[in-house]
Amino acid sequence: MRFEGKVVIVTGAGSGIGEGTARRFSQEGAHVVLLGDHERNIKRVARELPPERTMTVVADVSDWRAMERAVTTVVKKWRYLHVMVNNAGIFEGSTVLKTKPEEWERVIATNAGGVFNGSRAALPHLLKTRGCIVNTSSVSGLRGDWNMSAYNASKGAVSNLTRAMALDYGRRGVRVNAVAPSLTLSEMTKGAAKSKPLMEKFHERMPLGRIAMPEDIAAVIAFLASDDARFVTGVILPVDGGVSASNGQPSMG
């Protein structure tokens, strides 16, 4: 019950890592705000959580005004905000020449802009509670991938924005960290997960021999938000089954 009495906002809470994270914080006693742009999805998750400690807010993270209104609504109801989890994200896979400008703008606005907008709206309240921010970056925000230029750029921005905010707000009592998952089973990745040849390639590269489940990532997000990580800030923590331990060369075994 590390988060009993704490108020936590999770963006992209209607599926995948966001859903797993909302459930984990709720299990540990938090008042959880499920924020997403698909009301049906966040309502579905909310129905399975304690109603007296659960709230849903429909908002588009790429819209800074919507995020300002969302955070204001939360604080008006529950008075405080202790943890902001900027998790919402989308994926477009292609090279620069094949990526349409509108696709680029949408990915950057959601993945990088969503972290900026959520953090900007939350920080005035987190400074009062000496709270924290946890962002969802990616191993794709640490190194490059084939055919994923927009996604790589957006997650690279999340990683470095996390470091910048940690520097700017650490002495004012707010910690800022990020998780960097590898392939995680979710609505966004279910198409890839259905491809047996692709999954075999992933399993070959993963020292733990499997892709991640949402609860694997949620557990680390909860750790970073907890007092157990009270001396941790500015960290982009790979939660990747060991894939980043490799130098990229194929197995000789």
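Some notes on this structure:
- One residue stands out in the range 199-241 among those that are out of contact with any helix residue (DSSP H, G or I) (no Cβ under 7 Å at 6 or more places or on another chain) and among the β-branched types (Val, Ile, Thr): the one that is surrounded by the most Cβ atoms within 10 Å (Cβ to Cβ), namely VAL220.
- Candidates in the range 84-137 are the residues that are without any contact (Cβ under 8 Å) to a residue 60 or more places away in the chain and aromatic (Phe, Trp, Tyr); of these, the one that is farthest from ARG23 (Cα to Cα) is TRP104.
- Verdict on ARG106 being within 20 Å of the chain's Cα centre (by Cα), crowded, with 17+ Cβ neighbours inside 10 Å and either more than 19 Å from TRP64 (Cβ to Cβ) or among the charged types (D, E, K, R) (or both): yes
- Considering residues of the range 60-112 that are β-branched (Val, Ile, Thr) and in contact with a His (Cβ under 8 Å, 6 or more places away or on another chain) only, the residue farthest from LEU185 (Cα to Cα): VAL75
- Residues that are assigned to a loop (DSSP other than H, G, I, E, B) and either under 13 Å from the mean Cα position of the chain (by Cα) or crowded, with 22+ Cβ neighbours inside 10 Å (or both) within the range 7-29 comprise GLY12, ALA13, GLY14, SER15, listed in sequence order.
- Scan of the range 116-172 for residues that are buried (at least 16 other Cβ atoms within 10 Å of the Cβ) and of a type in the set (Phe, Trp, Tyr), ordered by number: PHE116, TYR151, TYR169
- Residue within the range 181-200 that is touching a residue at least 12 places away in the same chain (Cβ under 8 Å), in a helix (DSSP H, G or I), over 24 Å from TRP104 (Cβ atoms) and under 16 Å from the mean Cα position of the chain (by Cα) present: no
- Some residue of the range 43-54 being assigned to a loop (DSSP other than H, G, I, E, B), over 14 Å from the mean Cα position of the chain (by Cα) and acidic (Asp, Glu): yes
- Criterion violated by VAL45 - all others in (1) of a type outside the set (Ser, Thr, Tyr); (2) surrounded by 22 or more Cβ atoms within 10 Å (Cβ to Cβ); (3) within 18 Å of ALA225 (Cβ to Cβ) satisfied: (3)
- Residue count for the range 242-253, restricted to those that are surrounded by 11 or more Cβ atoms within 10 Å (Cβ to Cβ) and not in a loop (DSSP other than H, G, I, E, B): 2
Since every read-out is calculated from the coordinates, none of them should be taken as a lab result. Since we're looking at a predicted model, the values are computed, not measured. Glycine gets a Cβ as well: all are built from the backbone with ideal geometry, and neighbour counts include every protein chain shown.
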